[in-house]
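Asker: Quick one: this structure, given as structure tokens, is what I'll be asking you about.
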Amino acid sequence: MEANRIYPDPALVREELIQKYPTKVAKKRSKSIIVNDPDTIPEVQANVRTVPGIITQRGCSYAGCKGVVLGPTRDIVNIVHGPIGCSFYAWLTRRNQTRPETPEDANYIPYCFSTDMQEENVVFGGEKKLKQAIQEAYDLFHPKSIAIFSTCPVGLIGDDVHAASREMKEKLGDCNVFGFSCEGYRGVSQSAGHHIANNGVFKHMVGRNNAAVEGKFKLNLLGEYNIGGDAFEIERIFEKCGITLVASFSGNSTVGQIENAHMADLNVILCHRSINYMGDMMETKYGIPWMKVNFVGAESSAKSLRKIAEYFGDAGLKARIEEVIAEEMPKVKAIIDEIRPRTEGKTAMLFVGGSRAHHYQDLFTELGMTTVAAGYEFAHRDDYEGRQVLPSIKIDADSKNIEELKVTPDPELYNPRKTEAELEALKEKGLEIIGYEGMMKQMKSKSLVVDDLSHYESEKLIEIYKPDIFCAGIKEKYVVQKMGVPLKQLHSYDYGGPYTGFEGAVNFYKDIDRMVNNPVWKLIKAPWEIAGNGSSAGLEASYVTQ
Amino acid sequence: MTTVNMTAKSATQNACKLCNPLGACLAFRGIERCVPFLHGSQGCATYIRRYLISHFKEPIDIASSNFNEETAVFGGSHNLKLGLKNVTQQYKPDVIGIATTCLSETIGDDVPMILREYETLMGSSAPLPIMIFASTPSYQGSHMEGFHAAVRSAVKTLAEAGPKKNLINLFSGMISPADIRYMKDIMTDFGVPFVLLPDYSQTLDGGPWAEYHRIPPGGTPTSAIASTGCASASIEFGSTLESHKSAAGYLEEKFGVTRHHLPLPIGIKASDRFFAVLEKLTEKPMPARYEDERRRLVDAYADGHKYVFGQKTILYGEEDLVISLAAFLREIGVVPVLCASGGKSGLMKKRLMELVPDLDELGIKVREGVDFVDIENETEELRPDFLMGNSKGFTMSKKSELPLIRIGFPVHDRFGGQRLHHLGYRGTQELFDRIVNTVIEQRQNASSIGYTYM
């Protein structure tokens, strides 16, 4: 038991992280390294450019658009317009799962389509090849939809993927073809690609099918990508509760569901960063409110279900949800009781994503573990501090380049599901309606929050805090483990999962127990455990911004 | 060049190749105290890192000039210089290996000129790291072109003239860290001074760190690369690697270092050829332990041949790997009914014919520039007994219910891809055992009675 562990003073840690930097850099980084105070949340600098030559974990706009948002829908043929690498690297690497209803149903997720641009296409233009590729994909599969993703050279050589898409859509007749200008150099991270994807899905897919959906409690699940089967567990719970899932954006989803999504009465958002634009746009156009929920963590799942019941305000649903929770929780509790004595008092650090670094803290809390430091890779200030800061976020050149769709209420379909007064009353009850309080509100006072963590900072933090587990992705995994600290991948789950809902929580508890209590770590001596290794041997902190 | 494609399709579905800069980054990892640097969007560095890491399961830092929209329009000079400064300050590297991407090539950045400007700008205040530059536009060739471009460029940048030395250069190509270690053992046992480039055997397959490292230990030292110009000979693996694109080709042309161009030594014949060259160059007989390994391998062929003889397989992956595997499989009586690659050197069939002269009589198909959809279509027709290639063939293997023997790169759905041996008598032995056991396992699983003894 390590319950009485003494943590270093975060103000001093912050000082130590910053002091090695040259003045200018120190000034820049000091705005992104913050000691948390949940009562008066300080400002965190986020969503700003990474300095060239500083190794970042961030990806590109294409990765956010194709890889994250569009990738998990199984019956869209995604064609990557560009040289071969981009398509290859995004080919099944995110472990999005899907479950076609019958073996005959379309599933293009295992495919990797690319125009495989060659030099002559760069010189003479690639539109002809792109149109051929669309035709070939159509002839081969007759898909309902084909989406085109632009990679870096496309925008520069002036290929118009939108015109090519329109032309092919018209020509093919029964196939919805649309393009994305998600060249890798747009924006500061994959976050730009999320926004571009939201715009495209909203413009070209949502609202195409006005057929009524059966069910009393109809909702869409936004920002859930079914990594490791997460969506399957949420679907299981919804079904058990009698909640109708109209569409998921976009884990285990289909084109048909998304086209019909505007017939739902509520949008619940899991990953706020990647999909909040969709929630806002659907609210404006169709009058569907969105609400922030979280299905990572057993307690959090129960809480989120209760919030959904509260939203629909139905006594029957409320009772049913209580029954489901009462049925699911004892199994979870039994596992926690067994594992918690071995994990109690241990510490974790989470540096991942634009949402996961927040929500996975719930699972660690359930294990009696403390998150001593956390941060996002590509989030914005609202994901840290809460949406109330939105009006005060400065729009810089990089954000300005991403289109903001002008959305107005649909003359026929706009139908506010709740009145202003009803929404206010729900907010009073603690429902995060069109709201998100961010990560810092939940984190302990004096924990450390760091945005776009650098290599140097991560080594330093590990050295100072010696956490029992570090959560990030595969790029960080092996360097952290070389220092004798286990790393849990929260992008791909190290082949594990699901981690959502009740069954997912149990999976996570077991995986973490295996990692933090594993005898192999005794075989590895961390650099700080070896006498004579001054920290001066670590990464240099000095870098320049100009 | 024309866009007309023999397969009558213009798009690539399920590619059987990776992009040019990935190969360059891998090769740069094999130079001591070198940080690879991609001139382009940060996504390229991130994707290539995550991809290499998933195979090697080691940390891999690749810096980037982080293009944004302005950079894409006005050129990447400022970002490149800033990036070089930061990599230099943070890592204190001896070498920065700079490779281009489709983005910087498309806008036409003149990287050598920018590097000269950078050197002038920095003056002589502090010694700059050596900068090795390879042009690797992703819209040309595959990862193999990038790999060889980086190795050639390293030699071009560093090799020096001088009196001939008792020294052999070994340019072993894109092989596993385990294979690199084995090659080094062989050279050491021959007692001959050698330079192996690129040597990522330790940087991409190392132990825990007892101390902090900015750059993991290991790799070919720059001083060793400098001496390649004075070597007595070069050995270079890679059947389709042409002299004007290769490091050994450059050294032969520039410094008169004889180039011994060999296929990857897989199988007895190809390994014999490699050892014969070493015997000739060193004027020493093959060390006894390799004689032993060879005898054990011959013995294993004799014991295992009946299980595999007449079996059919489809081979896919890098051209050079496929060519050498095909020759080895013919030694043990397996027919590689299709030899396929996403690469497109135009030389694959010619080089294969040199090693497998009865190729046409056996009905062996050789196809360059194909993707997995092409290969899958062939699978239905050719009905092989098993598949051999990288992890990307898994979907095909599952669909066709054929076992997949994982070799080469990437192996990211199994553990230990970086430790697989393919080369020499020992590597061939391991491969042979895996093939035989795959066939036996198939038969055992298919048997209705089930047998536990053979």
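Asker: State all residues of the range B:206-222 that are at pLDDT 90 or above, within 14 Å of chain A (Cβ to nearest Cβ) and either within 15 Å of B:Pro93 (Cβ to Cβ) or buried (at least 20 other Cβ atoms within 10 Å of the Cβ) (or both); if no residue qualifies, say none.
Answerer: B:Ile215, B:Pro216, B:Pro217, B:Gly218
Asker: Going through the range A:491-522 one residue at a time, which ones are within 14 Å of another protein chain (Cβ to nearest Cβ) and closer than 30 Å to A:Ala326 by Cβ?
Answerer: Answer for the range A:491-522, where residues must be within 14 Å of another protein chain (Cβ to nearest Cβ) and closer than 30 Å to A:Ala326 by Cβ: just A:Tyr493.
Asker: Considering the range B:194-211 alone, what residues qualify as being in a loop (DSSP other than H, G, I, E, B) and either under 18 Å from B:Val257 (Cβ atoms) or in contact with a strand residue (DSSP E or B) (Cβ under 7 Å, 6 or more places away or on another chain) (or both)?
Answerer: Quick first cut of the range B:194-211, residues in a loop (DSSP other than H, G, I, E, B) only: B:197-211.
Of everything in the range B:194-211, those that are in a loop (DSSP other than H, G, I, E, B) and either under 18 Å from B:Val257 (Cβ atoms) or in contact with a strand residue (DSSP E or B) (Cβ under 7 Å, 6 or more places away or on another chain) (or both) turn out to be B:Leu197, B:Pro198, B:Asp199.
Asker: Can you go through B:Thr222, B:Thr188 and tell me which one is more than 23 Å from A:Lys482 (Cα to Cα) and touching a residue at least 60 places away in the same chain (Cβ under 8 Å)? Full working, then the answer.
Answerer: Values: B:Thr188 fails: touching a residue at least 60 places away in the same chain (Cβ under 8 Å).
Within the list B:Thr222, B:Thr188, the selection yields B:Thr222.
Yes/no per residue for (1) out of contact with any helix residue (DSSP H, G or I) (no Cβ under 8 Å at 6 or more places or on another chain); (2) buried (at least 23 other Cβ atoms within 10 Å of the Cβ):
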site	(1), (2)
A:Cys60	no, yes
A:Pro83	no, yes
A:Gln97	no, no
A:Thr115	no, yes
A:Gln132	yes, no
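Asker: Kindly evaluate A:Gln361 against the criterion of being part of a helix (DSSP H, G or I) and farther than 29 Å from A:Leu487 by Cβ.
Answerer: Values: part of a helix (DSSP H, G or I): yes; farther than 29 Å from A:Leu487 by Cβ: no.
Answer is no for this residue.
Asker: Does any residue of the range B:74-81 turn out to be of a type in the set (S, T, N, Q), more than 7 Å from chain A (Cβ to nearest Cβ) and surrounded by fewer than 21 Cβ atoms within 10 Å (Cβ to Cβ)?
Answerer: Taking the range B:74-81 and keeping what is of a type in the set (S, T, N, Q), we get B:77, B:79.
Filter again for more than 7 Å from chain A (Cβ to nearest Cβ), leaving B:77.
After this cut, where a residue has to be surrounded by fewer than 21 Cβ atoms within 10 Å (Cβ to Cβ) as well, the list is B:77.
Among the residues of the range B:74-81, at least one is of a type in the set (S, T, N, Q), more than 7 Å from chain A (Cβ to nearest Cβ) and surrounded by fewer than 21 Cβ atoms within 10 Å (Cβ to Cβ), which makes the answer yes.
Asker: Tell me, which helices (runs of 4 or more DSSP H) lie completely within the range B:72-149 with 2 or more residues that are without any contact (Cβ under 8 Å) to a residue 12 or more places away in the chain and closer than 24 Å to A:Tyr89 by Cα?
Answerer: Details: elements: B:77-91, B:102-106, B:111-122.
Counting at least 2 such residues, we get no helices (runs of 4 or more DSSP H) at all.
Asker: Determine whether B:Arg214 is within 18 Å of B:Pro265 (Cα to Cα) and either part of a helix (DSSP H, G or I) or in contact (Cβ under 8 Å) with a residue 24 or more places away in the chain (or both).
Answerer: Considered against the rule, which asks whether it is within 18 Å of B:Pro265 (Cα to Cα) and either part of a helix (DSSP H, G or I) or in contact (Cβ under 8 Å) with a residue 24 or more places away in the chain (or both), B:Arg214 comes out as no.
Asker: Determine whether B:Phe56 is surrounded by 20 or more Cβ atoms within 10 Å (Cβ to Cβ) and more than 30 Å from A:Asp494 (Cβ to Cβ).
Answerer: Values: surrounded by 20 or more Cβ atoms within 10 Å (Cβ to Cβ): yes; more than 30 Å from A:Asp494 (Cβ to Cβ): no.
The answer is no for B:Phe56.
Asker: Being surrounded by fewer than 24 Cβ atoms within 10 Å (Cβ to Cβ) and more than 7 Å from every other protein chain (Cβ to nearest Cβ) is the filter; apply it to the range B:22-51 and report the residue that is farthest from A:Glu476 (Cα to Cα).
Answerer: B:Glu32
Asker: Tell me the residue from A:Leu453, A:Leu487, A:Leu426, A:Leu431 that is within 14 Å of chain B (Cβ to nearest Cβ) and either buried (at least 23 other Cβ atoms within 10 Å of the Cβ) or at pLDDT 95 or above (or both), please. Before you say what the answer is, go through the steps one by one.
Answerer: On the way: A:Leu453 fails: within 14 Å of chain B (Cβ to nearest Cβ); A:Leu426 fails: within 14 Å of chain B (Cβ to nearest Cβ); A:Leu431 fails: within 14 Å of chain B (Cβ to nearest Cβ).
The unique qualifying residue is A:Leu487.
Asker: So if I check each of A:Gly193, A:Gly179, A:Gly184, which one is crowded, with 22+ Cβ neighbours inside 10 Å and either within 22 Å of A:Pro411 (Cα to Cα) or touching a strand residue (DSSP E or B) at 6+ places or on another chain (Cβ under 6 Å) (or both)? Spell out the reasoning first.
Answerer: On the way: A:Gly193 fails: either within 22 Å of A:Pro411 (Cα to Cα) or touching a strand residue (DSSP E or B) at 6+ places or on another chain (Cβ under 6 Å) (or both); A:Gly184 fails: either within 22 Å of A:Pro411 (Cα to Cα) or touching a strand residue (DSSP E or B) at 6+ places or on another chain (Cβ under 6 Å) (or both).
Selected residue: A:Gly179, the only one of A:Gly193, A:Gly179, A:Gly184 that is crowded, with 22+ Cβ neighbours inside 10 Å and either within 22 Å of A:Pro411 (Cα to Cα) or touching a strand residue (DSSP E or B) at 6+ places or on another chain (Cβ under 6 Å) (or both).
Asker: Quick check, is A:Glu322 touching a residue at least 40 places away in the same chain (Cβ under 8 Å) and either in a helix (DSSP H, G or I) or surrounded by 19 or more Cβ atoms within 10 Å (Cβ to Cβ) (or both)? It would help to see each step written out before you state the result.
Answerer: On the way: touching a residue at least 40 places away in the same chain (Cβ under 8 Å): no; either in a helix (DSSP H, G or I) or surrounded by 19 or more Cβ atoms within 10 Å (Cβ to Cβ) (or both): yes.
For A:Glu322, the condition - touching a residue at least 40 places away in the same chain (Cβ under 8 Å) and either in a helix (DSSP H, G or I) or surrounded by 19 or more Cβ atoms within 10 Å (Cβ to Cβ) (or both) - is not met.
Asker: Would you tally the residues in the range A:38-74 being in contact with a strand residue (DSSP E or B) (Cβ under 7 Å, 6 or more places away or on another chain) and at pLDDT 95 or above?
Answerer: 10
Asker: Is the range A:100-111 home to any residue that is more than 22 Å from A:Leu172 (Cβ to Cβ), at the interface with chain B (Cβ under 9 Å from one of its Cβ atoms) and outside any helix (DSSP H, G or I)? So that I can check it myself, show each step before the final result.
Answerer: From the range A:100-111, those more than 22 Å from A:Leu172 (Cβ to Cβ) are A:100-103, A:110; that's our starting set.
Of the ones still in play, those that are also at the interface with chain B (Cβ under 9 Å from one of its Cβ atoms) are A:110.
So of that shortlist, the ones also outside any helix (DSSP H, G or I) come out as A:110.
Checking the range A:100-111: at least one residue is more than 22 Å from A:Leu172 (Cβ to Cβ), at the interface with chain B (Cβ under 9 Å from one of its Cβ atoms) and outside any helix (DSSP H, G or I).
Asker: Could you tell me whether any residue of the range A:117-132 is within 23 Å of B:Glu376 (Cα to Cα), under 23 Å from the mean Cα position of the chain (by Cα), hydrophobic (A, V, I, L, M, F, W, C) and part of a loop (DSSP other than H, G, I, E, B)?
Answerer: Checked the range A:117-132: no residue is within 23 Å of B:Glu376 (Cα to Cα), under 23 Å from the mean Cα position of the chain (by Cα), hydrophobic (A, V, I, L, M, F, W, C) and part of a loop (DSSP other than H, G, I, E, B).
Asker: Can I ask one more? Evaluate the following for B:Ile225: is it surrounded by 21 or more Cβ atoms within 10 Å (Cβ to Cβ), β-branched (Val, Ile, Thr) and within 21 Å of B:Gly30 (Cα to Cα)? Even if it seems obvious, please write down each step before you answer.
Answerer: Numbers: surrounded by 21 or more Cβ atoms within 10 Å (Cβ to Cβ): yes; β-branched (Val, Ile, Thr): yes; within 21 Å of B:Gly30 (Cα to Cα): yes.
Here the answer is yes, as B:Ile225 does meet what is asked.
Asker: Hand me the list of strands (runs of 3 or more DSSP E) wholly inside the range A:423-506 holding 3 or more residues that are in contact (Cβ under 8 Å) with a residue 60 or more places away in the chain. Don't jump to the end; show me each part of the working.
Answerer: On the way: elements: A:448-450, A:469-472, A:487-489.
Output list reads A:448-450, A:469-472.
Asker: Does A:Glu328 fit the bill of being assigned to a helix (DSSP H, G or I), of a type in the set (Asp, Glu), within 17 Å of A:Glu233 (Cα to Cα) and over 25 Å from the mean Cα position of the chain (by Cα)? Even if it seems obvious, please write down each step before you answer.
Answerer: On the way: assigned to a helix (DSSP H, G or I): yes; of a type in the set (Asp, Glu): yes; within 17 Å of A:Glu233 (Cα to Cα): yes; over 25 Å from the mean Cα position of the chain (by Cα): yes.
Yes.
Asker: Give the residues of the range A:369-419 that are among the small types (Gly, Ala, Ser) and crowded, with 16+ Cβ neighbours inside 10 Å, sorted by residue number. Step through it out loud before you land on a result.
Answerer: Here is the first cut: in the range A:369-419, the ones among the small types (Gly, Ala, Ser) are A:373-375, A:379, A:386, A:392, A:397, A:399.
A:Ala373, A:Ala374, A:Gly375, A:Ala379, A:Gly386, A:Ser399 - these are the residues of the range A:369-419 that are among the small types (Gly, Ala, Ser) and crowded, with 16+ Cβ neighbours inside 10 Å.
Asker: Right, another one. Would you please list the contacts, defined by Cβ atoms under 7 Å and residues six or more apart or on different chains, that run from a residue in the range A:384-405 that is more than 19 Å from A:Thr50 (Cβ to Cβ) to a residue that is part of a helix (DSSP H, G or I) and of a type in the set (Phe, Trp, Tyr)?
Answerer: A:Leu405/A:Phe202
Asker: If you don't mind, there's one more thing I want to ask. Go through the range A:174-228 and report how many residues are within 14 Å of chain B (Cβ to nearest Cβ) and farther than 24 Å from A:Ala163 by Cα.
Answerer: Within the range A:174-228, residues that are within 14 Å of chain B (Cβ to nearest Cβ) and farther than 24 Å from A:Ala163 by Cα number 4.
The values are calculated or read from the model by the stated rules, or taken from the named source; none is laboratory data. All figures in this text were calculated on a predicted structure; none of them were measured in a lab. As a convention, Cβ positions derive from the backbone with ideal geometry for all residues, glycine included, and neighbour counts pool all protein chains shown.
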